[in-house]
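Down below is the structure, laid out as structure tokens.
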Amino acid sequence: MKKVIQGFLPACALLLSLQACNGDKTTETTDTKMMDSSAMATKPEAPMNVTPAIPSQFTMLEVDFMVNDVATWKAGFAEDSAQRTAAGMHTLAVAQDVNNPKHLQIDMMVDDTARSNAFMKSPELQAHIKKIGVSNAKPALYHVERFDTSSHEKTWVMVTHKVKDFATWLKAFDDETMNKRISEGMHDVVVARGIPDDNTVQVILDITDMAKAKAAITSPDKKQIMMKAGVTSTPVISYWKSLE
């Protein structure tokens with residue numbers, strides 16, 4: 001926030017008139033106060049941990065894992081916040097499998113993959129995640145091609161599959177139209193390509209109506225669209241809810 005200080009010029013005029021009337025003593029006192037005020041004004045603010053603005057395209061680290069106890073994991077995850085920030089990792093979402101409460105996932109924007117990889121492989125982190133009951137962790141890197149920063153729903157579906165050609169698949173996805181998916185209880189949030197396999201495609205859609213969304217995703221019509229788009233593997237479909 002910015003504060004607007006009013007009446008600065010009248011105050012200066014009053015200050016000068018007081019100096020003229022009261023002589024050197026007042027001048028010395030006033031000068032000292034002005035110096036103190038100047039020092040306060042130029043004193044640097046304490047650094048803050050600020051998550052950078054999310055661009056439309058970026059590198060995303062997705063970590064899928066199991067936990068023994070969700071509350072224990074959440075407390076341990078919070079303890080690592082400063083270390084993740086120092087490694088250039090910024091949390092986008094913390095999610096829980098709708099069908100398995102001990103199955104969790106974290107999505108993070110990554111500034112530098114080398115730094116994030118070093119942090120993820122560090123003995124300190126490995127010891128910490130073991131302590132807080134994490135098992136079967138599966139990290140994966142993606143290049144996010146599209147990201148809707150207005151996303152606000154608390155439940156979403158994730159669809160991951162391989163394609164013959166990304167441009168062909170993307171055209172089919174766009175031809176289906178977002179409005180069609182909205183009518184099916186879903187809203188586009190993420191379109192991403194795997195790293196290093198950029199023919200692995202992941203789509204994340206917010207869910208506004210779970211029944212409609214599930215019916216649409218498993219419908220013959222949707223399967224036909226995928227086949228025409230050049231999908232070459234059985235889609236992995238999972239449903240998540242926010243744990244934040």
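Things worth noting here:
- Yes/no for Ala167 being free of Cβ contacts under 8 Å to residues at least 60 places away in the same chain, open to solvent by 50 Å² or more (accessible area, probe 1.4 Å) and either among the polar types (S, T, N, Q) or closer than 24 Å to Asn199 by Cβ (or both): yes
- Filter result (in a loop (DSSP other than H, G, I, E, B) and open to solvent by 50 Å² or more (accessible area, probe 1.4 Å)) within the stretch 112-149: Asp112, Thr149
- Residue list for the stretch 92-111, restricted to those being open to solvent by less than 50 Å² (accessible area, probe 1.4 Å) and free of Cβ contacts under 8 Å to residues at least 60 places away in the same chain: Leu92, His103, Ile106, Asp107, Met108, Met109, Val110
The values are calculated or read from the model by the stated rules, or taken from the named source; none is laboratory data. Note that the structure is a prediction, hence the values are computed from the model and not measured. Ideal geometry is used to build each Cβ from the backbone, glycine not excepted, and the neighbour counts take in all protein chains shown. Just so you know, the surface numbers come from the protein's heavy atoms only, side chains and all, with ligands and any DNA or RNA stripped out. Shrake-Rupley method; radii C 1.70, N 1.55, O 1.52, S 1.80 Å.
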